[in-house]
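Okay, structure first, notes after.
The values are calculated or read from the model by the stated rules, or taken from the named source; none is laboratory data. Source: prediction; values computed, not measured. Using ideal geometry, Cβ is built from the backbone for each residue, glycine included, and neighbour counts are taken over all protein chains shown. Note: areas computed on protein heavy atoms with side chains; ligands, DNA, RNA excluded. Shrake-Rupley method; radii C 1.70, N 1.55, O 1.52, S 1.80 Å.
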Amino acid sequence: MLVFSRGNRLRFGVIFRQTQCVNCRHYGKKGKEVDKELLKEMEKRYQIFAKTDSKSLLKKHLTQEIFDKLKTRTTPSFNSTLLHCINSGLCNPDSGVGIYAPDAEAYKVFGAIFDPIIEEYHRGFKKTDKHPESCYGSGKDFPNLDPDNAFIVSTRVRCGRSVQCYPFNPCLTEQQYAELQYKLCSALHSLEGEYFGTYMPLAGMDKSTQQKLIDDHFLFKEGDRFLETAGASRFWPNGRGIFFNKKKNFLVWVNEEDHIRIISMEKGGDLGKVYDRMIGGVEALGKKIEFSRDERLGFLTFCPTNLGTSIRASVHIKLPKLNADKEKMQQLADEYHLQVRGTSGEHSEAKGGVHDISNKRRMGLTEYQAIKEMHDGINALIEAECNA
Ligand code: ARG
């Protein structure tokens, strides 16, 4: 099995050391030829995967024909292969999606597999479509979803950002991790007002503090097998960390799945307030750091599920009656383009009947529309709960 080691070296692959700007596309320039041994390994593992009953989008869309078309390609700047994109999906047949872009060019070079997956995940974003310009609107259009505090435990809105001139996780060198952390930490420490706060690096954090932050849903989990096999955990915990404001309702994750995750969260259902705080935070940080944005794909992220707006607006919500009728809950979620997850996020169980429900698609619509989609959907679920 090809696993990305925590060192800089891949067992069969390339050693990533280049530091070119991912946004300066090397049109016309080709990547290196795929190593013969790597190609053999890729073929063998694809054949095994094709026989599994994985329900992932990768399994559905990676036909033999597309596999054959892409297996010898590499990206110009980082020599990433198809195997780098699909290793997580091959190692984890229980993936929902199963693919990541090791570098930004992979979205183009391996478009024949990314495009259909993007189209299905983001409900109809075609390869000829262009993601719209950002439009945040304002939180005042989103009244409290649960003014009596009967259903919603907490509300969270996040977005992801990549920093210009740095590749995604699998291609970052240890030095680049350190550099990125330094840049982000300095930018974050210059935030003012309600965003004023502290950065805590993960390296050196004591285990009990770390576990408490994870249990309180502030900090990312450690050892995510989907990310690890995608090559996103190299040099862990170096270069990773978390920033909080004083009230712990504005957080920034550094170098977890994406370079930056900007999070606003609080107890209760006041989506408008939570959203406004996130917008203010992204805008303030955007004045200090240049984010990577692609003309067609919108904000660039490591996982294709987060492209476009990269917005995920979620509630932790208890809907006991609907919970007893899982089919109805799923049917409503599908109708309103919502995603239902367990209490500790994806691939987790719903503890005490608390689900994490969010907008599913993030591409082909504006930030405002993504929030509206979630607001409408959660309202509909609450109404269904009341009428059940
Ligand atoms: N690769 C995982 C899967 O396919 C996660 C996909 C979406 N989540 C994410 N954090 N990017 O199930």
Test: residue in the stretch 73-83 that is of a type outside the set (S, T, N, Q), within 27 Å of residue 217 (Cα to Cα) and either open to solvent by 30 Å² or more (accessible area, probe 1.4 Å) or at pLDDT 95 or above (or both): no
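If a residue has to be in a loop (DSSP other than H, G, I, E, B) and either β-branched (Val, Ile, Thr) or over 15 Å from the mean Cα position of the chain (by Cα) (or both) to count, how many in the stretch 144-163 make the cut? First the steps, then the outcome.
Keep residues of the stretch 144-163 that are in a loop (DSSP other than H, G, I, E, B), which gives 144-151, 162.
Filter again for either β-branched (Val, Ile, Thr) or over 15 Å from the mean Cα position of the chain (by Cα) (or both), leaving 144-151.
Selection size over the stretch 144-163: 8.
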Helices (runs of 4 or more DSSP H) wholly inside the stretch 280-388 that include at least 2 residues being modelled with pLDDT of 95 or more: 326-335, 367-387
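Restricting attention to the stretch 228-235, does a residue exist that is under 20 Å from residue 162 (Cβ atoms), within 16 Å of the ligand (Cβ to nearest atom), open to solvent by 30 Å² or more (accessible area, probe 1.4 Å) and touching a residue at least 60 places away in the same chain (Cβ under 8 Å)?
yes
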Unmet criterion (only one of (1) under 26 Å from residue 305 (Cα atoms); (2) open to solvent by 40 Å² or more (accessible area, probe 1.4 Å); (3) in contact (Cβ under 8 Å) with a residue 60 or more places away in the chain) for residue 254: (2)
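Check whether at least one residue in the stretch 90-99 is at pLDDT 95 or above and away from the ligand (no atom under 16 Å from the Cβ), and report yes or no.
Here is the first cut: in the stretch 90-99, the ones at pLDDT 95 or above are 90-99.
Then drop every residue that is not away from the ligand (no atom under 16 Å from the Cβ), which leaves none.
No, there is no match, as no residue in the stretch 90-99 is at pLDDT 95 or above and away from the ligand (no atom under 16 Å from the Cβ).
For residue 242, indicate whether it is open to solvent by 10 Å² or more (accessible area, probe 1.4 Å) and away from the ligand (no atom under 16 Å from the Cβ). Before you say what the answer is, go through the steps one by one.
On the way: open to solvent by 10 Å² or more (accessible area, probe 1.4 Å): no; away from the ligand (no atom under 16 Å from the Cβ): yes.
It is false that residue 242 is open to solvent by 10 Å² or more (accessible area, probe 1.4 Å) and away from the ligand (no atom under 16 Å from the Cβ).
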Unmet criterion (only one of (1) in a helix (DSSP H, G or I); (2) open to solvent by 40 Å² or more (accessible area, probe 1.4 Å); (3) under 23 Å from residue 48 (Cβ atoms)) for residue 108: (3)
Residue in the stretch 346-354 that is in contact with a His (Cβ under 7 Å, 6 or more places away or on another chain) and surrounded by 15 or more Cβ atoms within 10 Å (Cβ to Cβ) present: yes
Check on residue 54, hydroxyl-bearing (Ser, Thr, Tyr), in contact (Cβ under 8 Å) with a residue 24 or more places away in the chain and within 15 Å of the ligand (Cβ to nearest atom): yes
Lone qualifier among 166, 177, 107 - being within 16 Å of the ligand (Cβ to nearest atom) and hydroxyl-bearing (Ser, Thr, Tyr): 107
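Pick out the one residue from 185, 159, 165, 171 that is at pLDDT below 95 and either surrounded by 14 or more Cβ atoms within 10 Å (Cβ to Cβ) or touching a Cys at 6+ places or on another chain (Cβ under 8 Å) (or both).
The unique qualifying residue is 165.
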The one condition in (1) among the polar types (S, T, N, Q); (2) closer than 20 Å to residue 160 by Cβ; (3) surrounded by fewer than 16 Cβ atoms within 10 Å (Cβ to Cβ) that residue 208 fails to fulfil: (2)
Qualifying positions in the stretch 62-72 - surrounded by fewer than 19 Cβ atoms within 10 Å (Cβ to Cβ) and either in contact with a Ser or Thr (Cβ under 7 Å, 6 or more places away or on another chain) or in a helix (DSSP H, G or I) (or both): 64, 65, 66, 68, 69
Per-region count, the stretch 311-367, residues more than 16 Å from the ligand (Cβ to nearest atom) and of a type in the set (Asp, Glu): 5
Residue within the stretch 318-325 that is in contact with an Asp or Glu (Cβ under 8 Å, 6 or more places away or on another chain), surrounded by 15 or more Cβ atoms within 10 Å (Cβ to Cβ) and of a type in the set (A, V, I, L, M) present: yes
Among the candidates 136, 166, residue that is assigned to a loop (DSSP other than H, G, I, E, B), of a type in the set (Phe, Trp, Tyr) and under 20 Å from residue 313 (Cα atoms): 136
Total residues in the stretch 111-130, condition surrounded by fewer than 24 Cβ atoms within 10 Å (Cβ to Cβ), in a loop (DSSP other than H, G, I, E, B) and away from the ligand (no atom under 14 Å from the Cβ): 7
The listed residue being hydroxyl-bearing (Ser, Thr, Tyr) and under 23 Å from residue 167 (Cα atoms), out of 63, 52, 74: 74
